[in-house]
Each structure stands twice: as structure tokens, then as C-alpha cells.
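For reference, the structure discussed in these notes is given below.
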Amino acid sequence: MQSLPKKLLKKLNRKNENMKLLIITQKVDRNDAVLGFFHRWLLEFAKNFEKITVICLKRGEYSLPPNIKVLSLGKESYKLQVTSYKFIQRFKYLFNFYKYICRERKNYDTVFVHMNQEYVLLGGLVWKILGKRIVFWYNHTCGNFLTKTAMFISDVVCHTSPFAYTAGTKKSRRMPAGIDTEFFKPDEKINRQPKSIMYIGRIAPLKKVDVLIGAARILDEEGVDFVLDIYGAAAAKDSGYFERLKGISVVLQKKGKLFFRGAVPNEQTPAIFNAYLVSVNLTPKGNYDKTVLEGMACGTLPLVSSPAFDNLIPPAFRFEENDNRDLVKKIKFTLSLPETLLVKYRNQFRQEIVQNHNLVLLASRLISVFKEQKS
């Protein structure tokens, strides 16, 4: 693994004897556009633990080592959306959850809850009675009383963003983002198109895709040569927003300057990143979007507005939130960079991810967190 200490690699290549882990997560599906990355996390964790049990709300396609057991609460089995049926469905999820955490109690000594505070609230008392350690990963910038309760129940709370709701307490541990840099890496076989801009992520008001399209319209009016590809899908509740985006971009689409490409499996994203010069991320203040780091690992130049990246990405690649004219300036700057500077920045950004946000490094840090609770 590039730039990682040999001692760390040697240490991580040995399973931590007798360490057994229960992971609670939303979905295990290598093809999922948003959560597919967690499949690679599991592959890395499997190298470091004797046994891992995963409980997920929904299970899709996966290929994992024999020391990982995946148990689903069963969402993939339910298709109907009838209100009365949903109640039965949720009762079944709850029943399965308690069945699994009790039945598997001898197969884990630490619980790692990824993002969903509900599982800490539901299982916390049981785990405390059983003497299990609870590590809660929560990176959202917003929270409430329930989040605080989950933090109180947990032994340790992990986050990647300095603006996370869970940051700044005695229990808080800031972690690497966990980017698989052997998967997300430059690919010389793929031609990186000049003047190419991409966005990847959910299509939702929170993601501010309208600001990006507004910037694209200004660039077009100024005669700037570019192509913008937007990857992602909208949830049903955001369909109106998506239709509005398509409406305000009709002219750009007719000119062949903007395309909506739809959602893509996470496993296909390295090839996408490698085809573009610039990747724009517009998530609001404090958010630490993994797709920014995945793109950087592939050599795609990032443009971001979240101040959470201030210590990672220089000012030349940061724009003011909700300011499409400032974004236009940064796009024009990036598109005009000579090849020598493009190579310099690509190498610099990739090194930042390899050294500070590598998946192997995350595994090492999490192991330390799990072990520190033994004292």
C-alpha cells in the first residue's frame, strides 16, 4: 500500500486474535450507488478480526470471506407499501434485530453501529447488560436529543468531519474516511477528457445541484467550452426537484453540454472519476462527502464549498456555498490549468488521501478504538 509504514501493514496483515465484532449497518450491497463502499470496508475488516457478524436492514449482492456472517432484518423481502403492511414489516425488523443480537451474543464482544442512531437506542440496554462495548459512527452535522442519547449510551463516537454533531466530546474520535486507494486510483488506460466536469451523488435539494446547473448556464453564456455530466438519482420525494433541474437545463442539454447519466454502482465510479478533469461537490457547510475523497484518489480535481475540507483542499479549489458565480470562477481557473500543474495537483491530492484517509489506516484506528475500551 503506497506510503503506508511497513510496520503498520505487517500489523494489519495479522488478525487480532480473539477479536469478534458485531457491525450494524443500513445495507450490504456491493452494487449500491451510495452504500456500496461499505462492502470494501468489510473486506478490509475481515483481515483484522477473527469473526465479524453483520446485521443490516437490507441485503443485496455481496462476496465476503468466510469469517463474515451477514444477517438481514429483511427489507429486501418486502415490496408492498400499504400502511398497515408497513407496521407488520417494521415489527418484523424489530423482532429480527433483537433475535440476532441475543442469538449471536457469544460471537461478538464489541458493537460497531454505522450511522444509524436508532440501533444504539434499541440495542444499547441489551448490550450494556451483556457487557458489550459500543462504538457509534455518526458523521452528520445535524442531530437531536435522540442523537445525544445514543452518544451517552455509546463508549466511543467516531466521525470524520470536524463539524459533525458528534465532534468535540470526550468520547469523540476523529477518523480517516476509509478510502480504498487500491480501488480508487488513477487509470492510465482511461482518457481524461479536457474541459470535462462531473457531479456524482444524490439529486436532492440538500446537494444543491441547481447551483451547479446555474454555474453551467453562466459558463455557456460566456462562451466557455465544457461538458457537464451529472450522475445520480432522485428519491421519490425529490422527484419535483429533479424535474425542475431538467427544466432549467434544457438549452444546455440540446447543445450537448449537460447530460443526466443516472445512478451508477459504487464499484463503477473509479472508471467514471478517471474520465473527468473536475468533480464538483456542493454539500452544505460541515459535510465531509466521501465522493470528494474518492475522486481525489483517482486524480480528479475537486471543487468544494464545505469548510470541512479547508485543511485538505487549498483555497483555489474552494468556492462560496450557494454562490454559482464564485463556482464559475473556480471552474474557469481549473479548466485553464496547464498540464504541469494538473499533474502536480493530482499527485498532491492523491497523496493526501493515501496518507490520511486510507482504508487500511481506518482499520488500524478502529482496532485501536475497540481495544482501548478493554482497560
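Looking at region 168-191 only, could you name the residues that are more than 18 Å from the chain's Cα centre (by Cα) and assigned by TED's automatic domain parsing to the domain that holds W41?
Those that are more than 18 Å from the chain's Cα centre (by Cα) and assigned by TED's automatic domain parsing to the domain that holds W41: G168, T169, K170, K171, S172.
For region 150-167, which residues satisfy the criterion of being within 20 Å of the chain's Cα centre (by Cα) and either within 22 Å of H39 (Cα to Cα) or among the small types (G, A, S) (or both)?
Selection gives V157, C158, H159, T160, S161, A164, A167.
Restricting to region 28-40, give me the number of residues that are surrounded by fewer than 19 Cβ atoms within 10 Å (Cβ to Cβ) and of a type outside the set (S, T, N, Q).
Summing the residues that are surrounded by fewer than 19 Cβ atoms within 10 Å (Cβ to Cβ) and of a type outside the set (S, T, N, Q) in region 28-40 gives 1.
Quick one: which strands (runs of 3 or more DSSP E) sit completely within region 192-278 and have at least 1 residues that are of a type in the set (G, A, S) and closer than 20 Å to N324 by Cβ?
Counting at least 1 such residues, we get 196-200.
List the number of the failed condition for L80; all other conditions in (1) over 24 Å from the mean Cα position of the chain (by Cα); (2) at pLDDT 95 or above hold.
L80 satisfies every listed condition except (2).
Scan D289, D310, D238 and give me the residue that is modelled with pLDDT under 95 and buried (at least 17 other Cβ atoms within 10 Å of the Cβ).
The conditions single out D289.
For region 102-134, enumerate the residues that are touching a helix residue (DSSP H, G or I) at 6+ places or on another chain (Cβ under 6 Å) and closer than 20 Å to M175 by Cβ.
T110, V111, V113, Q117, V120, I134 - these are the residues of region 102-134 that are touching a helix residue (DSSP H, G or I) at 6+ places or on another chain (Cβ under 6 Å) and closer than 20 Å to M175 by Cβ.
Does region 68-79 include one or more residues that are charged (D, E, K, R), in a helix (DSSP H, G or I) and surrounded by fewer than 19 Cβ atoms within 10 Å (Cβ to Cβ)?
yes
Just one of (1) assigned to a helix (DSSP H, G or I); (2) β-branched (V, I, T); (3) surrounded by 19 or more Cβ atoms within 10 Å (Cβ to Cβ) trips up I88, so point out which.
(3)
Just for region 41-62: of the residues that are in a strand (DSSP E or B) and hydrophobic (A, V, I, L, M, F, W, C), which one is surrounded by the fewest Cβ atoms within 10 Å (Cβ to Cβ)?
Looking at residues that are in a strand (DSSP E or B) and hydrophobic (A, V, I, L, M, F, W, C), I get L57.
Select from region 111-151 the residues that are hydrophobic (A, V, I, L, M, F, W, C) and either modelled with pLDDT under 95 or not in a helix (DSSP H, G or I) (or both) and list them in ascending order.
Across region 111-151, the qualifying residues are V111, F112, V113, M115, I134, V135, F136, W137, C142.
For region 146-183: of the residues being hydrophobic (A, V, I, L, M, F, W, C) and crowded, with 21+ Cβ neighbours inside 10 Å, which is farthest from G299 (Cα to Cα)?
This residue is A150.
Out of all the residues in region 249-259, is one or more farther than 28 Å from T141 by Cα and crowded, with 22+ Cβ neighbours inside 10 Å?
Yes, the conditions are met somewhere in region 249-259.
So the check is Cβ under 9 Å with 6+ separation or different chains; which pairs have a first residue in region 326-337 that's under 13 Å from N281 (Cβ atoms) and a second one that's of a type in the set (K, R)?
K330/R318
Counting only residues that are under 9 Å from G60 (Cβ atoms) and part of a helix (DSSP H, G or I), how many does region 29-38 have?
0
Would it be correct to say that P315 is surrounded by fewer than 17 Cβ atoms within 10 Å (Cβ to Cβ) and under 14 Å from the mean Cα position of the chain (by Cα)?
No: the conditions fail for P315.
Can you tell me which condition A363 does not meet? The list is (1) out of contact with any helix residue (DSSP H, G or I) (no Cβ under 6 Å at 6 or more places or on another chain); (2) outside the structural domain of L212 (by TED's automatic domain parsing), and all the others hold.
Evaluating A363 over (1) out of contact with any helix residue (DSSP H, G or I) (no Cβ under 6 Å at 6 or more places or on another chain); (2) outside the structural domain of L212 (by TED's automatic domain parsing) leaves (1) as the failure.
The values are calculated or read from the model by the stated rules, or taken from the named source; none is laboratory data. Note that the coordinates shown come from a computational prediction; the quantities given were computed from them, not determined experimentally. Here Cβ is always computed from backbone atoms with ideal geometry, including for glycine, and neighbour counts include all displayed protein chains.
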